[in-house]
1. When Lys and Arg each count +1 and Asp and Glu each count -1, what net charge do the other residues less than 9 Å away from V373, Cβ to Cβ, add up to?
2. Of all accessible surface on segment 90-220 at a 1.4 Å probe, what whole percent is carbon and sulfur?
3. If the viscosity is 0.890 mPa s and the temperature 25 °C, what Stokes-Einstein diffusion coefficient in µm²/s follows for segment 520-649 when Rh is the Kirkwood radius over Cα pairs?
4. State log₁₀ I(q)/I(0) for segment 593-643 at q = 0.14 Å⁻¹ as given by the Debye formula over alpha-carbon point scatterers of equal weight, solvent excluded.
5. With label points built 7 Å along Cα→Cβ from the Cα atoms of A452 and K210, find their separation and express it in nm.
6. What whole-number value in Å² describes the accessible area per residue of segment 76-221 for a 1.4 Å probe?
7. Bins of 10 Å, beginning at zero and ending with the bin holding the largest distance: percent of Cα pairs per bin for segment 471-579, please.
8. Multiplying the sequence separation of K547 and D402 by 0.36 nm and subtracting their Cα-Cα distance, what value in nm do you get?
Amino acid sequence: MELLPRSPAEFGSARYWDRFFRQRGQRSFEWYGAFPELCPVLHKYVRPRDKVLVVGCGNSELSEQMYDVGMCEDIVNIDISDAVIRQMQERSGSKRPKMSYLLMDMLQMDFPDAHFQVVLDKGTLDALLTDEEEATLAKVDQMFAEISRVLQVGGRYLCVSLAQAHVLKKAVEYFSQEGWVVRVHQVAGSGDKQQFVLPVFVYVMTKFRKIPGSAPQILEICSEEQDKPMRVESAERLVAAVKDRQHYALLCSQLGKTPCREQVSLDLCDKESGKPRYTLNVVDSPSVKPSRDNRFAIFIIPQGRETEWLFGTEEGRRQLASSAGFGRLVTVALHREQHYEGMAGIQAELSGKVMELAPPGLPARQQVPFLSVGGDIGVRTVRQRATSPLSGEYVVEDVKGDGTSYFRRLIFLCNRNVVQSEARLLAPTPLPGQKKRRKDKKKPSPTDPPAAIDKSYLCCEHHKAMVAGLCLLGGPNPLPGASLAVLVVGLGGGSLPLFVHDYFSQAHVAVVEIDPSMLEVATRWFGFSQGDRMHVHISDGLDYVAKLAAEAPAQYDAVMFDVDSKDLTVGMSCPPPAFVEKPFLQKVKTILKPEGVFVLNLVCRDARLKESVLATLRDVFPLLYTRRIEGEVNEILFCQPSPVGRRDPTELGVRARALEGALREPGRPWDSSYVLADMLQAVKIL
């Protein structure tokens with residue numbers, strides 16, 4: 001039996017609807033949203049004494065149910081189908097004497113002005129606005145004008161809709177320009193989920209007298225969990241907010257039917273501020289054999305550790321899910337702008353929401369475990385949050401690592417999953433005669449004095465490799481006591497130039513940093529300082545190197561680039577593309593001594609772009625080594641201007657061990673967790 005129209009235009013045809021309802025018979029037809037789901041929203045806006053008009057009523061049971069539960073009795077239903085009006089008159093006439101059904105076109109109604117307090121529309125606007133042709137839009141304008149005419153000031157137009165973007169945008173723009181208040185409700189549990197995956201929405205347009213001039217628009221959205229509506233600034237933003245909820249519903253539907261081949265990521269936002277509160281990643285492990293107890297789990301990532309490889313990369317999360325032994329694992333990252341009431345509070349807040357992401361076949365009452373590292377949510381203390389004109393918004397924060405270690409991090413919020421700089425913090429030293437008590441171990445507070453930086457420790461693996469690259473230097477005097485001239489482009493927190501300065505006693509280090517804010521951050525929070533052998537130049541690295549090449553060639557033993565790109569659209573986040581163009585690299589070669597080394601931190605996810613960069617480096621530097629950083633995208637390139645000093649990885653390892661032995665002098669602190677030789681034994685010659 002054919003019940004659907006041959007073309008969308010038939011939705012506006014009385015002949016089509018007569019045929020539709022004759023074929024369907026007495027069975028009620030609900031476009032979407034059954035009464036139990038719509039009732040909480042309708043109760044907010046329909047009062048028992050209101051006079052209600054239902055446009056395009058069809059044979060829906062909505063009016064009858066509103067009448068029967070006592071929500072409202074003075075209800076007038078209209079439709080263009082004579083067949084359905086006669087059917088509904090027969091069905092309700094004797095049972096509901098105060099409710100009427102009239103054959104009438106909503107585009108040309110016979111009611112006087114300001115006759116109703118509520119106009120209710122369930123799917124009628126969606127049926128009419130099937131496209132954006134001029135004739136269709138003219139009909140919609142006529143519909144809105146008639147609804148506006150028959151509504152009293154203060155009256156409400158309630159439109160139940162699937163909220164297709166063009167439908168919502170048209171309604172919001174029309175009524176907001178008329179000075180009406182527009183609020184969009186998401187309806188909980190939208191009817192038959194087998195038929196409608198998309199959530200149902202109710203637009204609530206409240207009529208106000210139009211004020212001459214440019215009165216501010218009042219646009220709001222309210223989800224099923226929210227009591228308080230959230231204000232949005234424009235129609236476009238309102239449409240986008242609805243689209244986000246539709247995508248989430250589709251996602252939940254897909255995840256509930258089949259395993260996901262690719263990891264799915266989504267943000268859950270704070271209902272008050274609208275800012276992200278949780279970032280969820282859904283990871284399925286096909287290799288895990290499902291049983292009753294290992295189908296689904298939630299893993300709370302401790303605060304501050306979301307950037308670690310295990311939690312911050314797809315490969316790491318895949319490994320985490322597999323080792324945890326669950327068929328589906330949802331990892332949850334906590335945002336620094338939010339406050340959390342411990343693991344129990346997070347569990348209470350997320351329990352209902354994460355069940356929407358459950359795998360297919362999970363029993364409804366199945367208890368889902370919440371996991372974490374050490375059973376807590378970690379520690380994060382924001383020391384400084386500021387904005388730089390060049391680097392954008394950034395934070396300096398202290399976070400707890402494994403065990404009792406704390407780390408200080410610099411993070412640019414334009415790329416919040418990447419740690420820009422990191423340093424380990426030293427534990428406070430007790431005063432003479434003072435015993436360190438267990439209860440003194442507490443999380444750092446923004447009001448505490450800045451903790452001392454452990455300068456013996458390089459947190460970043462790529463910094464360790466860059467320091468190890470100094471073993472490539474020739475020269476008559478052995479390191480670390482040899483006189484060195486080192487240029488570092490990119491300061492960050494200052495860990496790399498500070499280490500070279502402190503552990504190579506005769507090194508003179510020049511640092512080029514384009515952003516003066518970073519010098520302030522490094523000095524205040526990361527223990528950086530200038531002196532006779534350490535100078536910072538606030539300048540663009542491109543200009544500084546070009547000037548040196550013109551005025552003072554062949555003066556540096558080592559040039560190190562550790563500078564990030566602010567353009568996130570390029571597949572290379574370090575360095576900016578201009579730093580690896582051939583003319584500039586030739587200038588870098590010019591300022592190097594013949595036996596010197598150029599060390600480049602390369603972070604490039606675009607395979608073609610990376611190959612192009614390597615080809616350019618080979619054109620400029622006859623000797624090129626590469627060292628991949630395990631578990632990271634970083635690759636450290638060691639470039640030398642002369643092929644004479646070529647050494648194989650075994651020889652480099654020997655030189656690295658000799659350097660390390662000299663660096664570990666008595667009385668000189670050195671962290672034992674890394675070995676320079678390990679950094680160079682995995683070097684490849686390109």
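The values are calculated or read from the model by the stated rules, or taken from the named source; none is laboratory data. Please read these numbers as outputs of a predicted model, since none were measured by experiment. Cβ sites come from the backbone with ideal geometry, for glycine too, and all protein chains shown count toward neighbours. These area figures cover heavy atoms from the full protein model, side chains too; ligands, DNA and RNA do not enter into them. Shrake-Rupley method; radii C 1.70, N 1.55, O 1.52, S 1.80 Å.
1. Details: positive: R305; negative: D376, D402.
Residues close to V373 contribute a combined charge of -1.
2. Details: 3000 of 5960 Å².
Of all accessible area on segment 90-220, carbon and sulfur atoms account for 50 percent.
3. Details: Rh = 15.9 Å.
Here the translational diffusion coefficient equals 154 µm²/s.
4. Calculated log10 I(q)/I(0) at the listed q: -0.35.
5. 7.3
6. Numbers: 6340 Å² over 146 residues.
Solvent-accessible surface per residue comes out at 43 Å².
7. Percent of pairs per bin, in order: 13, 43, 34, 9, 0.
8. On the way: separation 145, 0.36 × 145 = 52.20 nm, distance 4.53 nm.
In short, 47.7 nm is gained.
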